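So the structure is just underneath, and the comments pick up after that.
Derivation of every value follows stated rules applied to the coordinates shown; laboratory data play no part. For clarity, every value in this text was computed on a predicted model and none was experimentally measured. Here Cβ is always computed from backbone atoms with ideal geometry, including for glycine, and neighbour counts include all displayed protein chains.
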Amino acid sequence: MRIVILSLLAGLLLTSCTLAAGGDPPPKADRDHLISFAGTVTYIPLEGGFFGLVAEDGSRYDPLQLPEAFRHDGLAVQVTARRLEGMVGFHMWGQKIEIVDILRR
């Protein structure tokens, strides 16, 4: 019985250390599967406003780091990016992506 209690306490201690250190690992970019699409930069007036990308097929993407030169509502672009799996943002709009390359069309 004493071993069971000590094991439970050790497990709780390890769990609390993991959570204090930041919990889950950072989101992983899918480095094997790049996506490429033609789309439009769109200003989204939610959560203080941000720029998203809408592909020609209607898919919505929320880039982590859209360069300043491309932050123009209605700008036509060609994008190569990686999907970011397991990342949750406060925008709650579109798939999170990491831009690899972006060009004006």
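The figures follow:
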item	result
Residue selected from segment 52-91 under the condition exposed (fewer than 10 other Cβ atoms within 10 Å of the Cβ) and touching a residue at least 12 places away in the same chain (Cβ under 8 Å), by the criterion farthest from F37 (Cα to Cα)	F90
Residues of segment 92-105 that turn out to be assigned to a strand (DSSP E or B), closer than 12 Å to A55 by Cβ and either in contact (Cβ under 8 Å) with a residue 40 or more places away in the chain or over 10 Å from the mean Cα position of the chain (by Cα) (or both), as a count	1
Subset of segment 53-69 [outside any loop (DSSP other than H, G, I, E, B), in contact with a strand residue (DSSP E or B) (Cβ under 6 Å, 6 or more places away or on another chain) and hydrophobic (A, V, I, L, M, F, W, C)]	L53, V54, A55
